[in-house]
Amino acid sequence: MYKDEKEKLKKYFKESKQRVSLTTDTWTSPNNFNYMCVTVHFIDIHWKLQKRIILFCLIKGRTGEEIGKMLEKCLLDWGLEDLFGVTLDNVRCDAHVLVLVVKDAVLLYHKSVGRIRSVIKFVTGSPSRLAKFKECAALEKIDCKKMVFLDVKTRWNATYLMLEAAIPYEKVFKRLEREDKSFRSKYIFKESESEALPNTDDDTVVIDNEDYYLSSSSESERQGDVSRKKNTKKKNKLRHHAPYAADWSYARCLVKCLKIFFDVTVKFSASVQVTSHEFLWQLALIHEQLVRLRAIGNRDPHISRMAEIMFRKYNAYWGDYEDMNSVMYFAKLLDPREKESGLKFDLECLYEQNDFRVTTVLKAVKQDM
């Protein structure tokens, strides 16, 4: 069946003379074998987006050279000559760079996020706990359609959604302290704002008997931290600290800063519509938002600090727009609603009305075309 379907698809590509795009996905299995999957994307005669896996194989390594060799072999095997573009999973794509920009700001408040995650894990741990939580929410007259849920710790956008859903229930968690005996026996509630400050020397977050480490601690320090944590756990009978008032304040700052990145990630990750023409405008939106948030230091120093961290990372990847792939500019020019005026407007936003740099990039783009 596979051979028959392969011949049909090869015949279709040969007869249609169609340009196709490829995406690759590479990963390493638990037993240290490297795998690679290649998917071909094309638009059929009915103007519908189609995709087919045309290669699934072992690969010697995940370097660019090895991937290139395997792609060349794949193209020859399928007789594909009219290639439009190739997207690799191990390069800095737009969504991946957004993750890198956001990552440092999220780590700045990792302890606060950890404590909030801990109480959410508690109330969602059983139907009876969740029922008690909902009862307290009704008594506090919380009118919110979203219910609290646990995030995936390795995905910042899931953490954003978790915090966004949890913030309206801050008073409910406070009420649980008074009305839920099991909640009181699990957590420590004594407030000490100095302990709640982010970016302290201790890089361990204790959540339900699990220790999560950041890369800034050495191995010996970590072992010492583990010993101290074990002793503290024994003294407190495995009780952990509930979120401080400051933790909820930091969470609101995080949600405010991360919303623009979350919205842009959703747009970049669309799979059934064109996204390339959106890139420059979304980049300009992020730039303007970070500039605005950096400027509110007097009113909200926490947001300003996060914005400063993200802006430095943003500039490390996207600060020099002259070096950006020209395809992104062409995509804007080919949008019939925007054309050159749209490209110029986006560049003015990115360069903060620096006419010389805008003119330089526009001239370079026209020459490339």
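Figures for the structure shown
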| quantity | calculated |
| --- | --- |
| Solvent-accessible heavy-atom area per residue, rounded to whole Å², over the range 1-90 at 1.4 Å | 73 Å² |
| Residue order for GLU5, GLU170 - accessible surface, 1.4 angstrom probe, largest first | GLU5, GLU170 |
| Accessible solvent surface per residue of the range 310-367, calculated while the other protein chains remain in place, 1.4 angstrom probe, Å² | 60 Å² |
| Formal net charge of residues neighbouring GLU140 (Cβ-Cβ distance under 9 Å; K, R +1; D, E -1) | +4 |
| Where ASP143, ASP77, ASP323 fall by accessible area, highest first, once all protein chains stay in place (1.4 Å) | ASP143, ASP323, ASP77 |
| GLN50 long-range amide H proximity, modeled H, under 5 Å | PHE42, ILE43, ASP44 |
| Accessible area per residue, Å², the range 92-144 with all protein chains present, probe 1.4 Å | 45 Å² |
| Surrounding net charge for LEU9, when Lys and Arg each add one and Asp and Glu each subtract one, Cβ distance under 13 Å | +2 |
| Size of the range 48-167 as Cα extents on the principal axes (Å, biggest first) | 67, 35, 25 |
| 5 angstrom amide H check on HIS240, placed H, neighbours 5+ away | TYR187, ILE188 |
| The range 1-44: C-alpha gyration tensor shape, a/c 1.5 cut-off, then a/b vs b/c | oblate |
| In sequence order, calculated HN-Hα J values of the range 146-155 (Karplus, 6.51, -1.76, 1.60; Hz; x Gly/Pro) | 7, 9, 5, 8, 8, 8, 9, 4, 8, 10 |
| Derived scalar couplings ³J(HN,Hα) [the range 277-285; Karplus, 6.51 cos²θ - 1.76 cosθ + 1.60; whole Hz; x for Gly, Pro] | 6, 7, 4, 4, 5, 5, 5, 5, 4 |
| Hz values of 3J(HN,Hα) by residue in the range 10-21 - Karplus curve (6.51, -1.76, 1.60), Gly and Pro given as x | 4, 5, 4, 5, 5, 7, 7, 6, 8, 7, 10, 10 |
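The values are calculated or read from the model by the stated rules, or taken from the named source; none is laboratory data. Quick caveat, the model's predicted, so the values are computed rather than measured. Methodologically, a virtual Cβ is constructed for each residue, glycine included, from the backbone with ideal geometry; neighbour enumeration extends over all protein chains shown. Just the protein is used for accessible areas: all its heavy atoms, side chains included, with ligands, DNA and RNA removed. Shrake-Rupley method; radii C 1.70, N 1.55, O 1.52, S 1.80 Å.
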